[in-house]
Amino acid sequence: MKVLDTLLQKMQMSDAKNWLWRHSAFVFAVLLAVVVIGVYILQFKGRPLSINTEDWGQFGDYFGGVLNPIVAGLALFLLAISVNLQRTELAETRKALSSQAASASRQTFEGTFFQLLARFESVKQSVSVPPHKGNAALSDLINWVRREFQKGDQGLLLQGAVGSYHAIYQRFEPELGPYFRTLYHVFKLIFQSGLEESEQIRYANIARAALSTDELFLLFYNGLTKEGMEFKILIEEYGLLKHLRKERLIHGPDVYGSYSETAFLSAAERACHPEAITRRFMREN
């Protein structure tokens with residue numbers, strides 16, 4: 001309704017401008033005719049009106065010869081003004097409709113985004129590792145990963161840690177599968193939204209704020225498995241591991257060779273990072 005009111009106001013303003021130009025032109029034409037006739041009268045004042053048709057014909061030639069080019073030019077000028085006003089009105093209408101479409105698209109996105117975020121929270125709370133559910137169950141899963149890692153070859157470090165996590169993931173796939181798939185779709189929705197980059201970052205930060213330290217631990221290793229390969233791209237795109245406590249990782253705090261550095265940076269830091277600049281350039285071209 002607000003956009004419609006704006007369009008009506010613009011149309012009324014345009015009509016007012018057209019009315020003003022038309023009436024101004026009419027007044028100008030009348031004044032011009034008065035001036036032409038006045039000049040003629042001043043030139044030949046005191047003489048009686050002629051009854052000779054040739055004299056009146058000459059007067060008509062004078063009157064038409066002076067006024068016709070001016071009136072024709074004035075008509076052409078008014079036509080140009082009218083076309084320009086219509087073009088301006090059309091551009092403003094398109095702009096208003098584009099703004100309306102963008103607003104509707106934003107509302108649709110926000111509705112879907114927050115519904116999906118609520119769905120993710122519901123899925124998180126349903127994660128069950130008896131006797132715990134929700135966040136407590138996720139903490140239990142970390143302990144399962146740690147114990148699995150201790151049983152294997154710890155000399156492999158990162159590779160061994162990822163293998164230990166994957167073994168636990170497969171064991172608890174009914175719990176972890178829906179959890180990570182739902183979380184992935186939250187960020188995929190942002191990535192495919194078509195919003196400006198700054199807006200995408202804002203929504204990604206909102207979603208990232210919902211993740212606990214334990215969830216970032218699991219997200220780190222999940223992104224390095226075959227199941228998390230596509231999610232890894234979004235983790236690096238939006239810096240989802242910025243608040244990861246690296247000292248809690250079971251293979252140690254060294255994350256070299258795991259993710260692009262952008263996965264651990266803030267938005268401001270990512271903006272000037274070479275890899276982020278390259279990805280942005282490739283998307284835009």
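The numbers here are math on the coordinates, done by the rules we state, and not lab data. Computed from a predicted model, the values in this text were never measured in an experiment. Here the Cβ positions follow ideal geometry from the backbone for every residue, glycine too, while neighbour counts run over all protein chains shown.
At a 10 angstrom cut-off on C-beta neighbours, averaged per residue, how do the peptides 197-208, 104-115 rank from highest to lowest?
The densest-packed peptide leads the list: 197-208, 104-115.
In terms of distances greater than 27 angstrom between alpha carbons, the cross-link table entries Lys124/Lys242; Lys226/Lys246; Lys95/Lys242; Lys95/Lys188; Lys124/Lys232 yield Lys95/Lys242; Lys95/Lys188.
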